Amino acid sequence: MPHEYAVIGWPLGHTMSPVIHNASFHALGLECTFSARELHPDAFDRFMRELPRSSFKGLAVTIPYKTKILSYCHEQDSTVSAIGAANTLRVEPGGALAAFNTDAPGAGRALAEAGVDVKGSRTVVIGAGGAARAICFQLMWDGAASIAIVNRTLSRAESLRGDLLHAASRDVTITASPLEKNALSTALEDARLFINTTSIGMYPRVDECPLDPDLLHDGIAVFDIVYNPVETKLLRAAKAAGAKTVPGTEMLLHQAAAQQRIWRSIDAPLNTMRAALLQILHTRSCSPQPLTQNNSCYQPVRMYSKVVVQPIH
Ligand code: ATR
């Protein structure tokens, strides 16, 4: 019997997880399948209660279930406890459910592999949702000197700031500001890292940018968690300003590789997974460019014909 894995979420139209995970399973010759399962909120409770007796060995979990799954889990790792959200479940042989968060280490790894040194750096994060939460905790754990959280809804930024300060075990400056040009301008002046954790710039709104490009400078690294398109307007502006850039595809890949370590104790073939991911993104963009890590994608992705989403009723 092949081992079954899946991503659950609602809605699930844009998931790239099956492409990445199946590329790895195939390359390693593992008898594993990974599917996308759109799980309606009305079916969530029954699905979770039946999960220990199901054929699934593990799940990737996305919006809106990253917090909701925790009450069904028997164990959680320290990252989940700190952040309060999980994106990975492992079904243990006896049926116990263990929860993990690979968004945080995935972001940390993407930055480290790109040569971005977080330790001692002044950092600016736009957004205060689930992704921002994981990333801000990782920045704190990786030794950032300061984290400036800038968000459209100030109360969410303040709440994240409070949680970070509560968990902080060392001196770190954390501020919360509304999403206004002045706040961003001040925060970015001596910052070494800027991270967009919002969906601004994501297909189909590819002409949007979360900040005025004039605020960028060559002393800053820019990480955009948006991966569709691969090169967002923000990343193009950052490159034009001479800044180092980190695309969202890298966080996606590293968090997936961490999931495979949790499920199967394997070192996932990152290059194979990256090639599969960029190929499907670029196929839709009709781009003739070669598939390399630094590939650019100026065109939006219109559809993912290779990802079949199966509904769970
Ligand atoms: P995720 O789990 O992917 O982070 P989320 O929890 O819905 O998703 O958070 C999305 C973040 O992007 C939020 O910080 C949101 O700002 P609000 O807290 O004000 O809702 C931010 N965001 C999304 N679209 C935005 C937009 N058009 N302009 C500014 N901020 C936006």
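Structure summary
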{"quantity": "Residue match in segment 144-153 (condition: near the ligand (Cβ under 10 Å from one of its atoms), basic (Lys, Arg), within 14 Å of Thr197 (Cβ to Cβ) and not in a helix (DSSP H, G or I))", "calculated": "yes"}
{"quantity": "Any hit, segment 192-199, residues being within 14 Å of the ligand (Cβ to nearest atom), at positive phi and touching a residue at least 12 places away in the same chain (Cβ under 8 Å)", "calculated": "no"}
{"quantity": "Failed condition for Arg261, given (1) under 20 Å from the mean Cα position of the chain (by Cα); (2) at pLDDT below 90; (3) surrounded by fewer than 21 Cβ atoms within 10 Å (Cβ to Cβ); (4) not hydrophobic (A, V, I, L, M, F, W, C)", "calculated": "(2)"}
{"quantity": "Residue among Ser78, Ser55, Ser71 that is more than 14 Å from the ligand (Cβ to nearest atom), more than 14 Å from Met251 (Cα to Cα) and in contact (Cβ under 8 Å) with a residue 12 or more places away in the chain", "calculated": "Ser55"}
{"quantity": "Matching residues, segment 66-119, being basic (Lys, Arg) and more than 22 Å from Arg264 (Cα to Cα)", "calculated": "Lys68, Lys119"}
{"quantity": "Breaking point among (1) part of a helix (DSSP H, G or I); (2) within 20 Å of Thr173 (Cα to Cα); (3) of a type outside the set (S, T, N, Q); (4) in contact (Cβ under 8 Å) with a residue 60 or more places away in the chain, for Val125", "calculated": "(1)"}
{"quantity": "For Thr102: the one exception among (1) touching a residue at least 60 places away in the same chain (Cβ under 8 Å); (2) open to solvent by 10 Å² or more (accessible area, probe 1.4 Å); (3) among the polar types (S, T, N, Q)", "calculated": "(2)"}
{"quantity": "Any hit, segment 228-250, residues being farther than 30 Å from Asp214 by Cβ, modelled with pLDDT of 95 or more and not aromatic (Phe, Trp, Tyr)", "calculated": "no"}
{"quantity": "Matching residues, segment 34-48, being open to solvent by 60 Å² or more (accessible area, probe 1.4 Å) and not in a helix (DSSP H, G or I)", "calculated": "His40"}
{"quantity": "Residues of segment 173-191 satisfying the condition of being away from the ligand (no atom under 13 Å from the Cβ), under 14 Å from Ile149 (Cα atoms) and part of a loop (DSSP other than H, G, I, E, B)", "calculated": "Ala191"}
{"quantity": "Verdict on Pro18 being closer than 30 Å to His282 by Cα, under 16 Å from the mean Cα position of the chain (by Cα) and surrounded by fewer than 15 Cβ atoms within 10 Å (Cβ to Cβ)", "calculated": "no"}
{"quantity": "Test for Arg170: is it at pLDDT below 95, at negative phi and in contact with a Gly (Cβ under 9 Å, 6 or more places away or on another chain)", "calculated": "yes"}
{"quantity": "Candidates Val61, Val19 - the one that is β-branched (Val, Ile, Thr) and under 15 Å from Leu97 (Cα atoms)", "calculated": "Val61"}
{"quantity": "Filter result (more than 7 Å from the ligand (Cβ to nearest atom) and in a helix (DSSP H, G or I)) within segment 128-143", "calculated": "Arg133, Ala134, Ile135, Cys136, Phe137, Gln138, Leu139, Met140, Trp141"}
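Let's see how each residue does on (1) surrounded by 18 or more Cβ atoms within 10 Å (Cβ to Cβ); (2) not charged (D, E, K, R):
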site	(1), (2)
Leu215	yes, yes
Asp218	no, no
Asp224	yes, no
Leu234	yes, yes
Ala240	no, yes
Ala256	yes, yes
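The values are calculated or read from the model by the stated rules, or taken from the named source; none is laboratory data. Quantities reported herein were computed from a predicted structural model and do not represent experimental measurements. Quick reminder, even Gly has a Cβ in these numbers, built from the backbone with ideal geometry, and neighbours come from all protein chains shown. The area values use the complete protein model at the heavy-atom level, side chains included, leaving out ligands, DNA and RNA. Shrake-Rupley method; radii C 1.70, N 1.55, O 1.52, S 1.80 Å.
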